[in-house]
Amino acid sequence: MGAVETVEIANVDASDLQEFVEIYRLAYKGLEEYAYTTTRDIKSYFRWLLKRDRNGFFKAMIGERIVGFLACDTRWISHVEGVEVGEIHEIIVHPRFRGRGIGKKLVEKGIEYSKQQGRQICELWVGDRNEKAKEFYRSLGFKEADKWGKWIRMVRKI
Ligand SMILES: CC(C)(COP(=O)(O)OP(=O)(O)OC[C@H]1O[C@@H](n2cnc3c(N)ncnc32)[C@H](O)[C@@H]1OP(=O)(O)O)[C@@H](O)C(=O)NCCC(=O)NCCS
């Protein structure tokens, strides 16, 4: 890997899902209480994400390598807001590629897509002990809004 590496964001298709499984498992190490753990469950979750909003499912690539992904669902009706929002169901960056702005780039892409689809709010639910992710979302302008069991709802007007 050279000093100058370009991260490209592209739409996901079904053939990417197999590669996501390992990144997902690595990313959720220590946070399994918030994640699916069997290969079968993880794969069916990814298929569900693709079905929900295919155009909002993005991967981050460095060369040919997938280093992260984000699933943003603009058909989601927020139970709390009572309107369609850009719901960030999932964001993952491979542990080895963190801290260099890839997550930020993915969220910005999700926000841009949500705006294009006419949404005015982005929403997500994050595990209450997932301090890194909460800090990450705060830095991107999301605010903690509600708690439901072990999940915290965070929102951002877009
Ligand atoms: C959360 C996650 C996606 C962040 O990805 P990332 O590529 O490392 O994030 P970025 O490098 O784009 O960080 C953007 C900003 O978020 C903040 N941030 C990121 N990681 C942080 C951390 N560990 N602690 C505090 N702040 C953090 C920083 O302010 C950073 O800005 P900076 O680059 O100016 O320092 C990644 O850590 C991850 O995959 N976590 C495991 C899966 C997960 O918890 N997903 C969320 C489920 S709801």
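The values are calculated or read from the model by the stated rules, or taken from the named source; none is laboratory data. Since the model is a prediction, treat every value here as computed from it, not as a measurement. Ideal geometry is used to build each Cβ from the backbone, glycine not excepted, and the neighbour counts take in all protein chains shown. Side chains included, ligands, DNA and RNA excluded: accessible areas come from the protein's heavy atoms. Shrake-Rupley method; radii C 1.70, N 1.55, O 1.52, S 1.80 Å.
With the condition kept exactly as written, say whether any residue in segment 67-74 is open to solvent by 30 Å² or more (accessible area, probe 1.4 Å) and outside any loop (DSSP other than H, G, I, E, B). Let's see the steps before the verdict.
Filtering segment 67-74 for residues open to solvent by 30 Å² or more (accessible area, probe 1.4 Å) gives none.
Looking through segment 67-74, none of the residues is open to solvent by 30 Å² or more (accessible area, probe 1.4 Å) and outside any loop (DSSP other than H, G, I, E, B).
Only one of these conditions is not met by PHE58: (1) outside any helix (DSSP H, G or I); (2) open to solvent by 30 Å² or more (accessible area, probe 1.4 Å); (3) aromatic (Phe, Trp, Tyr). Which number is it?
Of everything listed in (1) outside any helix (DSSP H, G or I); (2) open to solvent by 30 Å² or more (accessible area, probe 1.4 Å); (3) aromatic (Phe, Trp, Tyr), PHE58 misses just condition (2).
Please enumerate the residues belonging to segment 108-126 that are assigned to a helix (DSSP H, G or I), within 14 Å of the ligand (Cβ to nearest atom) and more than 16 Å from LEU49 (Cβ to Cβ).
First, the residues of segment 108-126 that are assigned to a helix (DSSP H, G or I): 108-116.
Remaining after also requiring within 14 Å of the ligand (Cβ to nearest atom): 108-111.
Once the filter is applied, which keeps residues that are assigned to a helix (DSSP H, G or I), within 14 Å of the ligand (Cβ to nearest atom) and more than 16 Å from LEU49 (Cβ to Cβ), segment 108-126 yields GLU108, ILE111.
Within segment 83-104, does at least one residue satisfy the condition of being modelled with pLDDT of 95 or more, open to solvent by 70 Å² or more (accessible area, probe 1.4 Å), in a helix (DSSP H, G or I) and within 14 Å of the ligand (Cβ to nearest atom)?
yes
If we keep just the residues of segment 46-84 that are among the aliphatic types (A, V, I, L, M) and in contact (Cβ under 8 Å) with a residue 60 or more places away in the chain, which is nearest to SER114 (Cα to Cα)? Walk me through it before giving the result.
Of all residues in segment 46-84, those among the aliphatic types (A, V, I, L, M) come to 49-50, 60-62, 66-67, 70-71, 77, 80, 83.
The next check asks that each one be in contact (Cβ under 8 Å) with a residue 60 or more places away in the chain; those that pass are 62, 67, 80.
Details: ILE62: 24, VAL67: 22, VAL80: 18 Å.
Within segment 46-84, the match that is nearest to SER114 (Cα to Cα) is VAL80.
Can you name the residue in segment 13-41 that is in a helix (DSSP H, G or I) and acidic (Asp, Glu) and is also surrounded by the most Cβ atoms within 10 Å (Cβ to Cβ) among such residues?
The first filter runs over segment 13-41 and keeps only residues in a helix (DSSP H, G or I), leaving 14-27, 32-34, 39-41.
Checking which are acidic (Asp, Glu) leaves us with 16, 19, 22, 32-33, 41.
Numbers: ASP16: 17, GLU19: 13, GLU22: 13, GLU32: 10, GLU33: 12, ASP41: 11.
My answer is ASP16.
Determine whether GLY30 is within 16 Å of the ligand (Cβ to nearest atom), closer than 21 Å to ASP128 by Cβ, out of contact with any Leu (no Cβ under 7 Å at 6 or more places or on another chain) and small (Gly, Ala, Ser). Working first, answer last.
Details: within 16 Å of the ligand (Cβ to nearest atom): yes; closer than 21 Å to ASP128 by Cβ: yes; out of contact with any Leu (no Cβ under 7 Å at 6 or more places or on another chain): yes; small (Gly, Ala, Ser): yes.
So GLY30 passes the test.
If only one of ARG138, ARG129 is assigned to a loop (DSSP other than H, G, I, E, B) and either within 11 Å of the ligand (Cβ to nearest atom) or modelled with pLDDT under 95 (or both), which one is it?
Numbers: ARG138 fails: assigned to a loop (DSSP other than H, G, I, E, B).
From the options ARG138, ARG129, the qualifying one is ARG129.
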